[in-house]
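Just below is one structure, and these are the notes that go with it.
The values are calculated or read from the model by the stated rules, or taken from the named source; none is laboratory data. Because the structure is predicted, anything quoted here is derived from the model rather than measured. In this analysis, Cβ positions are derived from the backbone assuming ideal geometry, glycine residues included, and neighbour counts consider all displayed protein chains.
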Amino acid sequence: MVDSVEKGQQIQWTDSISVPDFPIIPYIEGDGIGSDITPAMLKVVNHAVSKAYGDKRAIEWKEIFAGQKAFDLTGEWLPQDTIDAIEKYHVAIKGPLTTPVGGGIRSLNVALRQKLGLFICQRPVQYFEGVPSPMMHPEKVDITVFRENSEDIYIGIEFKAGDTETKRLLETLKNQYAVDNIARPENTGVGVKLISEHASKRLVRQALQYAISQEKEHVALVHKGNIMKYTEGAFCHWGYDVAVEEFAAKKVEWGYEIENPNNGQKILVTDVIADACFQQVLLKPENFDVIATMNLNGDYLSDALAAQIGGIGIAPGANLSDRDALFEATHGTAPLYAGKNLANPSSLILSAEMMLRHMGWSEAADKLIQGMRLSLKAKEVTQDFARHMEGVEGLSTSDFAQAICRHMR
Ligand code: NAP
């Protein structure tokens, strides 16, 4: 499967990414609405690249398989060929995947992140004029979340209430470690939260590097360390350690300050308790630029932020390691709309915009954003937005993609 593409060249990675003019990029169509939104994304990206570079550059798309389509073709939900292809080509994009019921896989998305070592989930949340939002000033939201992908409570170390080993574990905690508030060990479940120095530091390092490269002014380390001192609290301390040891941060009243070597501007690094953060991103979203946080907080926070700018239908995402990048729609397969040409492809299209910037093809990314911005402003939107807008008739998925292309100048 991996070597079936004859034209096009591989993206190379040595110390940094090196993108040929005709790169091969694997894509996973996705389940449910994947067959609606993925063709729309491919059309928009091809048009943006052609508008920006004429015939000097083009993407050689290569379909790879995961989810239902993979199962139907190969009998496997996540074939090894798919993992190999993403590792080989370094950049890939995917639609949403159904979580197989009773297939022995908790989630294909989690499996992909774990198998590929994609330790960061990056979610930029930005408002587009014209999109219906529950906020009075959604335009004040321009926040990028860096969520740690590889550990926390999501690692899956869980013990079922009532099992013999669970009761034994709880008795050990009670007797040997003097944990005296386990009232009913016979009927209590246990989950283990793992937060390591290594994973915390590499996440915060990437968030700080992003703040420098994107000339942001504030990085907030979001945690609940006042309660969970040795996990969330430790994350915060290790985050500050990275800022001091690797970015020469200096102590200031509200946290630490880094000097951006690119422009001499100061970047403030602070920490915010998670519950306070949920309040502040609603009341004062303009105070936030970059958020670095652990898996569970990041999961909640990125969807809550997405709601502020119109919902997960328009929020893009990327899963990243040091070398590989898998861009993805942040919503699920929306089975209600599958195959009906009605779903909103914006999340996947904006994920493709992140992908183009990751490749250094910023001219094409700018064209794509321009098309999207003007289309939304002109109220040329899909039904999920149109139903909240007076007198607006929703476009089909394919007509919306067509409108985005038409608005690229
Ligand atoms: P979902 O697929 O995100 O859909 C929930 C609702 O969100 C839809 O019914 C629809 O709302 C709206 N929606 C989501 N995406 C939309 C789009 N592109 N355009 C228009 N409306 C959209 O969540 P779910 O129903 O909980 O999950 C369904 C399946 O997806 C499950 O198998 C789940 O495991 C999987 N999933 C996959 C991913 C992923 O691949 N990254 C993420 C989450 C869930 P209305 O009905 O109000 O119109």
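All but one of (1) free of Cβ contacts under 8 Å to residues at least 40 places away in the same chain; (2) closer than 30 Å to Ile195 by Cβ hold for Ala386; state the number of the condition that does not hold.
(2)
Consider Glu171 against the criteria (1) loosely packed, with under 15 Cβ neighbours inside 10 Å; (2) among the acidic types (Asp, Glu); (3) touching a residue at least 24 places away in the same chain (Cβ under 8 Å): it satisfies all of them except one. Which criterion is unmet?
Result: Glu171 passes all but (3).
Yes or no: Arg147 assigned to a loop (DSSP other than H, G, I, E, B) and touching a residue at least 24 places away in the same chain (Cβ under 8 Å)?
In short, no.
Can you tell which of Lys51, Lys56, Lys62 is at pLDDT 95 or above, more than 16 Å from the ligand (Cβ to nearest atom), within 30 Å of Met408 (Cα to Cα) and part of a helix (DSSP H, G or I)?
Testing whether each residue is at pLDDT 95 or above, more than 16 Å from the ligand (Cβ to nearest atom), within 30 Å of Met408 (Cα to Cα) and part of a helix (DSSP H, G or I) leaves just Lys51.
Only one of (1) over 24 Å from Leu305 (Cα atoms); (2) more than 12 Å from the ligand (Cβ to nearest atom); (3) hydroxyl-bearing (Ser, Thr, Tyr) fails for Ser321. Which number is that?
Every listed condition holds for Ser321 apart from (1).
Looking at Glu186, Glu215, can you tell me which residue is on the phi > 0 side of the Ramachandran plot and either assigned to a helix (DSSP H, G or I) or not assigned by TED's automatic domain parsing to the domain that holds Ile120 (or both)?
Glu215 is the lone residue from the list that is on the phi > 0 side of the Ramachandran plot and either assigned to a helix (DSSP H, G or I) or not assigned by TED's automatic domain parsing to the domain that holds Ile120 (or both).
State yes or no: is Thr74 within 16 Å of the ligand (Cβ to nearest atom) and not small (Gly, Ala, Ser)?
So Thr74 does not fit the description; no.
Among the residues of the range 349-366, are any touching a strand residue (DSSP E or B) at 6+ places or on another chain (Cβ under 9 Å) and farther than 26 Å from Ile24 by Cα?
Checked against the condition, which is being touching a strand residue (DSSP E or B) at 6+ places or on another chain (Cβ under 9 Å) and farther than 26 Å from Ile24 by Cα, the range 349-366 yields no hits at all.
So which pairs qualify, if the first residue must be in the range 46-73 and acidic (Asp, Glu), the second must be in a loop (DSSP other than H, G, I, E, B) and modelled with pLDDT under 95, the Cβ gap must be under 8 Å, and the two must be at least 6 apart or on different chains?
Glu60/Val5; Glu60/Lys7; Glu60/Gly8
Can we say Gly332 is in the same structural domain as Val110 (by TED's automatic domain parsing), farther than 20 Å from Lys43 by Cα and within 11 Å of the ligand (Cβ to nearest atom)?
The answer is yes for Gly332.
What's the total number of residues in the range 240-274 that are surrounded by 12 or more Cβ atoms within 10 Å (Cβ to Cβ) and in contact (Cβ under 8 Å) with a residue 12 or more places away in the chain?
24
On the basis of being within 30 Å of Arg202 (Cα to Cα), away from the ligand (no atom under 11 Å from the Cβ) and assigned by TED's automatic domain parsing to the domain that holds Asp36, does Asp399 make the cut?
No; evaluated as a whole, the condition is false for this residue.
Please go through the range 286-318 and pick out each residue that is polar (S, T, N, Q) and either outside any strand (DSSP E or B) or within 16 Å of the ligand (Cβ to nearest atom) (or both).
Once the filter is applied, which keeps residues that are polar (S, T, N, Q) and either outside any strand (DSSP E or B) or within 16 Å of the ligand (Cβ to nearest atom) (or both), the range 286-318 yields Asn287, Asn295, Asn297, Ser302, Gln308.
Looking at Leu116, Leu112, which one is touching a Leu at 6+ places or on another chain (Cβ under 7 Å), more than 10 Å from the ligand (Cβ to nearest atom) and farther than 26 Å from Met372 by Cα?
Just one listed residue meets the conditions, Leu116.
Going through Val131, Val141 one at a time, which residue ends up being away from the ligand (no atom under 15 Å from the Cβ), of a type in the set (A, V, I, L, M) and at pLDDT 90 or above?
From the options Val131, Val141, the qualifying one is Val141.
Looking only at residues in the range 97-144 that are touching a Gly at 6+ places or on another chain (Cβ under 8 Å) and part of a helix (DSSP H, G or I), which one is surrounded by the most Cβ atoms within 10 Å (Cβ to Cβ)?
Taking the candidates together, the pick is Leu108.
Could we say that Met372 is within 17 Å of Lys94 (Cα to Cα) and not in a strand (DSSP E or B) here?
no
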